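K.L.:
First the structure, which I've put down as structure tokens, then a few questions once you've had a look.
Bear in mind these aren't lab numbers, they're just calculated from the coordinates by the rules spelled out. This structure is a prediction, so every number in the text was calculated from the model and none was measured. FYI the Cβ positions are ideal-geometry reconstructions off the backbone, even for glycines, and counts take in every protein chain you see.
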Ligand SMILES: NC(=O)c1ccc[n+]([C@@H]2O[C@H](COP(=O)([O-])OP(=O)(O)OC[C@H]3O[C@@H](n4cnc5c(N)ncnc54)[C@H](OP(=O)(O)O)[C@@H]3O)[C@@H](O)[C@H]2O)c1
């Protein structure tokens, strides 16, 4: 198939391009800058420079492609998320660029849209499992861009087209967020939000890349994608091991946690998310877990 990937130089995009090429698809990676071209080519894709906020540019780029995969994101690293305007770029991408991507994909004649989303839209559910039918907790204005993005993908799925929305678990691997986290663990600085007994659902980059391939086989709908959920206490221990530190990752004190604001507050939720629907429909399985040694180098 001919597949176009937006955000192709990002963590998710690069993994998606490589995984798609590996199974024989012809992949176009979109970047806004010339310096992104070798990154896409390095993963085996063909690169096109385009403005992801321009429907005209995108429609021209998407023409001739069967599928469009949207992985645009710009998540601030660590507590930088507390700075004023830290989320402005990420918001703009979800609110405007993702809508342009969905509309241009339809205009260009693509039959399928695969849209990256996140499990952090679910509310805290304690130790109970979260399936795709669980209500989202998105009433705060801060979630408007992610909701708008979802609606654009749903709108795409008319006239015989299909849209697959992947609610990805927290990514871990060789990205800026995890690298920052491992450094904090080595320094003995606090890193984690929430409480040790709460659940977290993680997804290694390489498994995320293969999930985009598997999503080609999925019918229209929402799918959770993550590994077996673990407690944050377990995650703290795994981070400590991977960092080569003397102790597990530390939690922020309650007093600091009370001040983190709406965006980072999602990280204080307990999210025991089930990916059974995606696994049974597509055959996808996670292969790298947080206790797999060396996960931060692959
Ligand atoms: N479920 C999750 O946990 C989840 C989901 C998504 C992201 N994340 C985290 O968020 C972090 C950021 O992800 P990432 O590294 O993939 O993001 P990124 O590198 O900041 O950006 C991803 C892509 O979006 C494009 N982009 C970014 N800002 C843009 C802008 N203002 N205008 C146009 N295009 C823009 C970039 O394309 P260009 O080539 O044009 O620069 C890039 O390819 C990662 O560390 C990841 O772990 C987590």
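K.L.:
For segment 2-297, what is the convex hull (Cα atoms) projected area averaged across all directions, in square nanometres?
P.N.:
Here the figure is 14.4 nm², rounded to one decimal.
K.L.:
Can you tell me, using C-alpha contacts under 8 Å and at least 6 residues apart, the relative contact order of segment 179-298 as a whole percent?
P.N.:
After rounding, I find 41 percent.
K.L.:
Determine the relative contact order of segment 83-209: mean sequence separation of Cα pairs under 8 Å and six or more apart, normalised by residue count, in whole percent.
P.N.:
Relative contact order comes out at 30 percent.
K.L.:
According to the square roots a ≥ b ≥ c of the eigenvalues of the Cα gyration tensor, what is the shape class of segment 245-286, taking rounded for a/c under 1.5, prolate for a/b larger than b/c otherwise, and oblate for the remainder?
P.N.:
Oblate, because a/c is 1.5 or more while a/b does not exceed b/c.
K.L.:
If I model a spin label as a point 7 Å beyond the Cα along the Cα-Cβ vector, how far apart are those points for residue 287 and residue 103 in nm?
P.N.:
Label-label distance for residue 287 and residue 103, simple model: 3.9 nm.
K.L.:
Let me ask something else. What do you get for the angle between helix 98-108 and the principal long axis of the chain? Use alpha-carbon atoms, 0 to 90 degrees, nearest ten.
P.N.:
20
K.L.:
Give me the angle, in degrees from 0 to 90, between the Cα long axis of helix 144-156 and the longest principal axis of the Cα atoms of the chain, rounded to the nearest 10.
P.N.:
Helix 144-156 sits roughly 40 degrees off the main axis of the chain.
K.L.:
Hey, another quick one. Which shape class applies to segment 83-161: rounded if a/c is under 1.5, otherwise prolate when a/b exceeds b/c and oblate if not, where a ≥ b ≥ c are the square roots of the Cα gyration tensor eigenvalues?
P.N.:
Oblate.
K.L.:
Next question. Mind pulling the angle between the C-alpha long axis of helix 205-214 and the longest principal axis of the chain? Nearest 10 degrees, somewhere in 0 to 90.
P.N.:
40
K.L.:
Sticking with this structure for a sec: By how many nm would the segment from residue 142 to residue 219 lengthen if fully extended, with 0.36 nm per residue of separation less the alpha-carbon distance? Walk me through the numbers before you get to the answer.
P.N.:
On the way: separation 77, 0.36 × 77 = 27.72 nm, distance 2.93 nm.
Stretched fully, the residue 142-residue 219 segment lengthens by 24.8 nm.
K.L.:
Efficiency by 1/(1 + (r/R0)^6): what FRET value for residue 255 and residue 95, r their Cβ-Cβ distance, R0 = 35 Å, to the nearest 0.05?
P.N.:
That pair, residue 255 with residue 95, gives E of 0.60.
K.L.:
Continuing with the same structure: Give me the percent relative contact order of segment 31-125, please, defined on Cα pairs under 8 angstrom at least 6 residues apart.
P.N.:
Relative contact order here is 32 percent.
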